[in-house]
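The values are calculated or read from the model by the stated rules, or taken from the named source; none is laboratory data. All values derive from a computational prediction rather than experimental measurement. So basically every Cβ, Gly included, is an ideal-geometry build from the backbone, and we count neighbours across all protein chains shown.
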Amino acid sequence: ELGIEAVRSINAFGIGEWFPDRTLVLALAEGGARARARDNEGSDRIGGRPEGYHQKVDLAFRLIAAEEPERVRIIVASGEPGEVTRRLLDPLSDLLP
């Protein structure tokens, strides 16, 4: 519950001006990742947090992506592995040789 600006300040303090050229945020349908982790007995501290927490984090990533569209991209992470891989590689194509 720090807020986006506090998190940005902490990141800037830690990495200076060395933000990544591209950040890919993998998004699943609401609760999909947590349900898989729960079903596989792989739940962790973050996965076990209340739904409201995850909604706030999702909204924060989407706001950052909207403010920095050249750097931050939201990638739909559902589907076949090859399809998801293509979705990941496409927004990186301009950075690859």
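Out of the residues in the range 1-41 that are in a helix (DSSP H, G or I) and within 30 Å of Pro81 (Cα to Cα), which is modelled with the highest pLDDT?
Ala37
List the residue pairs whose Cβ atoms are under 8 Å apart, where the first residue sits in the range 42-69 and is at pLDDT below 85, the second is β-branched (Val, Ile, Thr) and loosely packed, with under 12 Cβ neighbours inside 10 Å, and the two are 6 or more positions apart or on different chains.
From the range 42-69, no pairs qualify.
I'm trying to understand the selection: among the residues of the range 1-18, which are exposed (fewer than 12 other Cβ atoms within 10 Å of the Cβ) and of a type in the set (Gly, Ala, Ser)?
Across the range 1-18, the qualifying residues are Gly3, Ala6, Gly14, Gly16.
Which count do you get for residues in the range 52-78 that are part of a loop (DSSP other than H, G, I, E, B) and either loosely packed, with under 11 Cβ neighbours inside 10 Å or of a type in the set (Ser, Thr, Tyr) (or both)?
Matching residues across the range 52-78 total 3.
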